[in-house]
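The values are calculated or read from the model by the stated rules, or taken from the named source; none is laboratory data. Since this is a predicted model, take the numbers as computed values, not measurements. Here the Cβ positions follow ideal geometry from the backbone for every residue, glycine too, while neighbour counts run over all protein chains shown.
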Amino acid sequence: MWHRILIVIICITYCCNTATPSHAATPCVPSDVQICVNGDIQKFWQANNGAQLFGLPIDNESAHRYIHEAYHIQNFERARIEYRFGQRKPYNFQLGLIGVEWLTRYQSELSPLLPSDEASLQGTHASCVALSNAQYTVCGAFRTFYQSHGLQLDSLAFITAAESLALLGLPLTPAMRWNRNGQQYIVQIFERARLEYHPENSLSDRVMLGRINAEIRENTPAQQTVVTMNESFLVDTQVPLLPQAILNGFGYRMPVDGYWEQSKQGIYVATSTFRYQSTFYNTPIAEKHRFVSMAILVKNQRASTESGVYYDYRYINLIDTLGRRYAGTTTVMHIATPILGTTLNPGQFYSGQMIFDIPEDAIPAQIECNFANLDTDQSRFQQSIELRVWPIIP
């Protein structure tokens, strides 16, 4: 009996001692607000030796947008990781141009190298490399570092020129002397980083990436483009329409795969994945007509004390640039995920597909959605998604 208990204790002790600590997979920095690396950015950070190249996180992941692109970012001591939804792998992860930002702020602290600086930097690495489209060369120890470091864009072990460019970008300056707080450093500024030469270090650590992003963030006010991770990207009514050339292309094909969206009275609606089709589920199409299909996502973002809503495919219309309305066809019943009569209570969401039968000359302009509130009055409201603005790329 005691032998069995001893075996159990040994097994439990072994399991506990060999288990991976939970914090190892999710690096966190102690602070007033817990700062951690999570999700897809964490995977990218770990795959690229993030502790050494990027440093520790200095804020949590947040959502940003330009007029035509949405992305998530997280700032680290030496880099800003940008997860761009509209790019294909491996370019969906990019490093922000923080070198450009740093140079605009601190260029006055740079001065030309002294002859002794140049001799130290060159050492036994006397050659330089000229990069395509770059005004300045990369020389000596900086060249060695540049050509031996990069982002992991493929499965190959050696570093390619594209991978070095993805990590550092093009040089914005030659090697220069940086005068900071009474200290002198040999540096070279790149689009995405600052290389620093430290002759006092061992040979393997003489070139290091500077804490350039931490320096920028120390004196930068909070960006007004940030929205929290739980909020949707709301289409700004001031966002300009798509260029006319792209609008004209709506008559032939949708220009990109992305989200067009709208939020009203706590109900968020997004539509995407537009396709023109000549046939669908063996259903014939009338002469000079075609089908247009799309995916629609609806979220009830109201407070738990507020009412739910009811919607149905019959409540959704497509409006073309001439103002003509088209109701969803009964062909929708054959779609794998049709939008049928659905009740959405606060906190719930639902996605499905729609298909419309439209004339060949019809150019989609808006998606009109009608909702019935599940309140005592069964009140209704309507919202329209404007397709003629830049979409959010998921």
Notebook entry, point to check: Which residues, counting only those in segment 273-286, are touching an Asp or Glu at 6+ places or on another chain (Cβ under 9 Å) and part of a loop (DSSP other than H, G, I, E, B)?
Noted result: I285, A286
Margin query: Between V129, V138, which is surrounded by 17 or more Cβ atoms within 10 Å (Cβ to Cβ), touching a strand residue (DSSP E or B) at 6+ places or on another chain (Cβ under 7 Å) and assigned to a strand (DSSP E or B)?
Written below: V138
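Test of understanding: among N201, N179, which residue is assigned by TED's automatic domain parsing to the domain that holds A47, touching an Asp or Glu at 6+ places or on another chain (Cβ under 6 Å), more than 19 Å from F54 (Cβ to Cβ) and modelled with pLDDT under 90?
Values: N201 fails: touching an Asp or Glu at 6+ places or on another chain (Cβ under 6 Å).
Matching residue, one of N201, N179: N179.
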Next item on the list: Please specify each residue of segment 47-61 satisfying the condition of being in contact (Cβ under 8 Å) with a residue 12 or more places away in the chain and more than 15 Å from R217 (Cα to Cα).
Entry: A47, N48, G50, A51, L53
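Within segment 359-369, does at least one residue satisfy the condition of being outside any strand (DSSP E or B) and free of Cβ contacts under 8 Å to residues at least 12 places away in the same chain? Break it down stepwise before answering.
Pass one, segment 359-369, residues outside any strand (DSSP E or B): 360-363.
Adding the requirement that they be free of Cβ contacts under 8 Å to residues at least 12 places away in the same chain leaves none.
Checked segment 359-369: no residue is outside any strand (DSSP E or B) and free of Cβ contacts under 8 Å to residues at least 12 places away in the same chain.
Tell me, which residue of segment 252-299 that is in contact with a Gly (Cβ under 8 Å, 6 or more places away or on another chain) and β-branched (V, I, T) is surrounded by the most Cβ atoms within 10 Å (Cβ to Cβ)? Can you show your working first?
Pass one, segment 252-299, residues in contact with a Gly (Cβ under 8 Å, 6 or more places away or on another chain): 255-256, 258, 272, 295-296.
Retained after the next criterion (residues that are β-branched (V, I, T)): 256, 296.
Numbers: V256: 14, I296: 23.
Once the filter is applied, the top-ranked residue is I296.
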Notebook entry, point to check: Take the residues of segment 336-391 that are more than 22 Å from A245 (Cβ to Cβ) and small (G, A, S): which is surrounded by the fewest Cβ atoms within 10 Å (Cβ to Cβ)?
Noted result: A336
Margin query: Looking for something among the hydroxyl-bearing types (S, T, Y) and either free of Cβ contacts under 8 Å to residues at least 12 places away in the same chain or assigned to a loop (DSSP other than H, G, I, E, B) (or both) - is there at least one such residue anywhere in segment 192-209?
Written below: yes
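State which residue is farthest from L131 (Cα to Cα) when the search covers only segment 159-191 and only residues that are assigned to a loop (DSSP other than H, G, I, E, B) and β-branched (V, I, T).
Residues of segment 159-191 assigned to a loop (DSSP other than H, G, I, E, B): 159-160, 169-170, 172-175, 181-182, 191.
Filter once more, so that each one left must be β-branched (V, I, T): 159-160, 173.
Working: I159: 15, T160: 13, T173: 13 Å.
It comes out as I159.
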Next item on the list: Keeping to segment 306-346, report how many residues are assigned to a loop (DSSP other than H, G, I, E, B), within 19 Å of K264 (Cα to Cα) and at pLDDT below 90.
Entry: 1
Next item on the list: Would you mind stating whether F233 is modelled with pLDDT of 70 or more, within 21 Å of L387 (Cα to Cα) and touching a strand residue (DSSP E or B) at 6+ places or on another chain (Cβ under 7 Å)?
Entry: no
Note to self: Going residue by residue through segment 91-105, is there one that turns out to be under 19 Å from the mean Cα position of the chain (by Cα), loosely packed, with under 15 Cβ neighbours inside 10 Å and modelled with pLDDT under 85?
What the structure shows: yes
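Here are L103, L121, L151, L113: which of them is outside any loop (DSSP other than H, G, I, E, B) and under 25 Å from N201 (Cα atoms)? Walk me through it before giving the result.
Details: L103 fails: under 25 Å from N201 (Cα atoms); L151 fails: outside any loop (DSSP other than H, G, I, E, B); L113 fails: outside any loop (DSSP other than H, G, I, E, B).
Of the residues listed, the single one that is outside any loop (DSSP other than H, G, I, E, B) and under 25 Å from N201 (Cα atoms) is L121.
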